[in-house]
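Notes follow once the structure below has been shown.
Where a number appears in this text, it was derived from the coordinates with a stated rule and is not lab data. Just so we're clear, the structure is a prediction, and the values are computed from it rather than from any experiment. For neighbour counting, all protein chains shown are included, and Cβ atoms are generated from backbone atoms with ideal geometry for every residue, glycine included.
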Amino acid sequence: MLAKGFSVDLRRCQLLGLTGSVVLALGGETAGALPVRELPALASGRAALGLVGVYFGVVLLIAAWALLGRVIRGPEPPSPRALLVVLGVWATPLLLAPPLFSRDVYSYLAQGAMVDAHIDVYTHGPAILGGPLADEVAPVWQRTATPYGPVFLAVSSALSGLTRGEVPAGLFGMRVVALLGVALMAAALPRLARHSGADPAAALWLGALNPLVLLHLVAGAHNDAIMLGLLGAGLVAALGRWPVLGAVLVTLAALVKVPALLGLAAVVALQVRTGRSMARAIATTVAAAVATTVAATAAAGTGYGWIGALKTPVSPENLSPTSILGRATGALLQGLGSDLAPFALPAWHALGLVATAVAVLAIWLRSPRLGPVYALGLSLAAVAVLGPAIRPWYALWGLFLIAAAAPSTSVRHRVAAVTGALALAVLPSGGPPDAEQLALAVSGGMLALVVLWQAHQATTAPVLGRTA
């Protein structure tokens, strides 16, 4: 598919990716994370065709992204502005699609409605809200308190009030909010890349045009987009003459999802690199972070329950390494008749947190050589991998900054390979797969590969004929 004879340019990549996005969005109309009243349709033939279409579109999108990487490494690479146009073209069809690859966006809307109704989201799950909106939340989260911070709850509450609880309007609004987060990410990447001595176009390709961004931040409308957008904006501010503003923005990102809190270490390190003393950098950063936390929490009116809610349980089927090892160890101990079986999973989760702390400390001890942005990217990747819960979009926590500051092309290639695999890891309904769904998904992907191979043959055949 990516052989040397395959003629490729920016316009062809843009068209191929647009085709993939359109087919993906159309397939999602019957196979996506649909409202509950439409779920019976998932058993129909249209749903099967939709699932084939989704994976056909995903593979086309991955192929377009991979080919675009070749264009960027070519003799006439596109400008960052041209790449932003490509991002807009690829993302547009997904704005009107139903939620894809997760039902989390329904939880966001329900939590916003709970805040509007003065229900403590850090004590109760969406089930207490009742009504059509609560029914849309995945069963596993119906009675689970939210782990999100007051900044995100303020956004979801404002959106709930604006849309008056109407699900379609709420879904579109949440997707627009996520798209604004992606726009902040895309705006920050070139500046962070230049600071780190990396190619801005390559940074945009890996960090913003990445299929995971399109599938999970745009199509899935995950709040990770807001977290990463604010984090990127904060780091850009800290690069210049506004380290206090940088600390404020990074803290706001952490008040969406707490992993961004590690960004404050980068804000301190960036100040030290400009000649500010370590003591002064830490003092101003901590002061700005505390003030921002107090102000944002007071403005949101949700209180400090989000601190205790950080221990919100993970889903039973979570595939994080520590969860897999914990379940396996528990099953083994249970088979041996040991009373320690119930403690296996919590023990592995605790061990994962210790390993995360050790890994992050080791990374920051090497930060003078790695650079603050790259060290932060590696730290967030460690948090995602070693934490008690993992989802494909969690990979974007570290990938976003690794894209901006990776020290070599080989690092980007390895990260890109992982990205391609993760883009295929979740069904568009967001639910666990069965054998039939897996077969349909594989069929859609294989069909796309056949089409791409035929296009490759059609392009290279005249060249081979002239050579002969």
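Relative contact order, whole percent, for region 224-342 stands at 17, derived from Cα pairs under 8 Å and 6 or more residues apart. When each of Met174, Met278, Met227 is scored by the number of other beta-carbon atoms lying within 10 Å, the sequence from fewest to most is Met278, Met174, Met227.
With contacts taken as Cα pairs under 8 Å and at least 6 residues apart, region 74-203 reaches a relative contact order of 27 percent.
Counting pairs of Cα atoms in region 152-240, how many percent are more than 14 Å apart?
Numbers: 2557 of 3916 pairs.
Of all Cα-Cα pairs in region 152-240, 65 percent lie more than 14 Å apart.
What is the fewest-to-most order of Trp393, Trp90, Trp364 by other Cβ atoms lying within 10 Å of their Cβ?
Working: Trp393 25, Trp90 28, Trp364 19.
Going from least to most buried by this count: Trp364, Trp393, Trp90.
Each principal axis of the Cα atoms in region 249-366 has its own extent, and those three values, largest first, are 59, 40, 20 angstrom.
Binning the alpha carbon pair distances of region 47-195 at 10 angstrom intervals from zero yields the distribution 10, 31, 27, 22, 9, 1, expressed in whole percent. Give me log10 I(q)/I(0) at q = 0.15, 0.20 Å⁻¹ for region 50-126, Debye formula, one equal scatterer per alpha-carbon, no solvent. Treating every Cα as an identical point scatterer, log10 I(q)/I(0) equals -0.75, -0.94.
How long are the semi-axes of the ellipsoid equivalent to region 212-266, from square roots of 5 times the Cα gyration tensor eigenvalues, in whole Å, largest first?
Working: eigenvalues 98, 24, 11 Å².
Over the Cα atoms of region 212-266, the semi-axes work out to 22, 11, 7 Å.
Along the charge dipole of the chain, which of Val250, Leu96, Gly308 sits closest to the positive end, that is, farthest toward it, with unit charges on the beta carbon of Lys, Arg, Asp and Glu (+1, +1, -1, -1)? Working it through, the farthest residue towards the positive pole turns out to be Val250. In region 351-404 the Cα-Cα distances spread across 5 Å bins starting at 0 as 5, 25, 28, 24, 14, 5, 0 percent of all pairs. Put simply, region 345-468 fits an ellipsoid with semi-axes of 37, 25, 9 Å; these come from the alpha carbon gyration tensor as the roots of five times its eigenvalues, largest first.
Would you mind getting the Kirkwood hydrodynamic radius of region 143-194 from its Cα pairs, rounded to one decimal in Å? Numbers along the way, then the final one.
On the way: mean 1/r = 0.0783 Å⁻¹.
Hydrodynamic radius (Kirkwood, Cα only) of region 143-194 equals 12.8 Å.
Quote to one decimal, in nm, the extra length available between Leu15 and Ala279 on full extension: 0.36 nm per residue of separation minus the C-alpha distance between them. If you can, show how the numbers build up before the last one.
Working: separation 264, 0.36 × 264 = 95.04 nm, distance 5.22 nm.
Gain on stretching Leu15 to Ala279: 89.8 nm.
For the chain, the Cα gyration tensor yields ellipsoid semi-axes of 34, 30, 23 Å (square root of five times each eigenvalue, largest first, whole Å).
So what does log10 I(q)/I(0) come out to for region 101-141 at q = 0.19, 0.23, 0.24 Å⁻¹, using the Debye formula with one equal point on every Cα and no solvent? For the requested q values the scattering log ratios are -0.45, -0.65, -0.71.
Explain nothing, just the number: relative contact order of the chain, from Cα pairs under 8 Å at least 6 residues apart, as a whole percent. Relative contact order comes out at 20 percent. One quarter of the surface of the convex hull around the alpha-carbon atoms of region 6-110 equals 7.7 nm², the direction-averaged projected area.
A cut-off under 13 angstrom between Cβ atoms defines the neighbours of Pro243, and their net charge, with Lys, Arg +1 and Asp, Glu -1, is +4.
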